[in-house]
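Here is the structure we will look at.
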Amino acid sequence: MDWQSERVRVESVRGARRISNFCWAFILVFGALGFLLAGLSSYFGKNLIPFLSSQQIVFIPQGIAMCFYGIAGLFLGFYLWCVISWNVGSGYNQFDEQEGIVRIFRWGFPGENRRIWIQFPMRDIQAIRLEIKEGIFPRRVLHIRMRDQKDIPLTCIGEGLTLGEVEEKVAELARFLDVSVEGL
């Protein structure tokens, strides 16, 4: 839900509810269940997985290792499903020129500090900085550089966007805030 008026700009930030996270969570849980069932099959001497013969796996040490990896994978899968259900990292960036205030809101992990809320005056913004790392796992992160030289990350951008589209988005935000762009 991105929208912009003459004086206010709001950009939504996607959290953990991404297709890639759903895929990894499914793969992790089903793979871990497979390892756990294979290890338990070797212990009980019964085929808990129809296409796997438990006679080929010796419980000590292979079965124990498979049970350990299965349990560890289930814990990691449970953690990833919790992060997805809580939508950690989602929120919005609001730039209000009328009040002269920038508001950054994110959802964190449950607890006392679940709501992450940062607010500061627009006059403290020195520049917009774009960090670009290309390669196998490209990373494009948008930062606000403050007058005291602190960088506040706004969002990871560029999912499905070309480099030109990312640059256009950064330039549009810099025009709105009337600051320079660094890192291009």
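The values are calculated or read from the model by the stated rules, or taken from the named source; none is laboratory data. Quick caveat, the model's predicted, so the values are computed rather than measured. Positions of Cβ are backbone-derived with ideal geometry, glycine not excepted, and every protein chain shown enters the neighbour counts.
In segment 29-130, which strands (runs of 3 or more DSSP E) lie fully inside it and hold 2 or more residues that are in contact with a Lys or Arg (Cβ under 7 Å, 6 or more places away or on another chain) and touching a residue at least 24 places away in the same chain (Cβ under 8 Å)?
91-96
Quick one: would you say residue 79 is in the same structural domain as residue 174 (by TED's automatic domain parsing) and either under 29 Å from the mean Cα position of the chain (by Cα) or charged (D, E, K, R) (or both)?
Working: in the same structural domain as residue 174 (by TED's automatic domain parsing): no; either under 29 Å from the mean Cα position of the chain (by Cα) or charged (D, E, K, R) (or both): yes.
When the stated conditions are applied, residue 79 does not pass them.
Residue by residue, here is whether (1) crowded, with 16+ Cβ neighbours inside 10 Å; (2) modelled with pLDDT under 90; (3) in contact with a Ser or Thr (Cβ under 9 Å, 6 or more places away or on another chain) holds:
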position: 79; (1), (2), (3): no, no, no
position: 84; (1), (2), (3): yes, no, no
position: 91; (1), (2), (3): yes, no, yes
position: 104; (1), (2), (3): yes, no, no
position: 117; (1), (2), (3): no, no, no
position: 123; (1), (2), (3): no, no, no
position: 135; (1), (2), (3): no, yes, no
position: 147; (1), (2), (3): no, yes, no
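Here is a yes/no grid of residues against (1) touching a strand residue (DSSP E or B) at 6+ places or on another chain (Cβ under 6 Å); (2) β-branched (Val, Ile, Thr); (3) closer than 16 Å to residue 4 by Cβ:
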residue: 92; (1), (2), (3): yes, no, yes
residue: 98; (1), (2), (3): no, no, yes
residue: 105; (1), (2), (3): yes, no, no
residue: 124; (1), (2), (3): yes, no, no
residue: 154; (1), (2), (3): yes, no, yes
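How many residues are free of Cβ contacts under 8 Å to residues at least 24 places away in the same chain and either under 16 Å from residue 162 (Cβ atoms) or among the β-branched types (Val, Ile, Thr) (or both) if we restrict to segment 136-145?
Residues meeting the conditions: 4.
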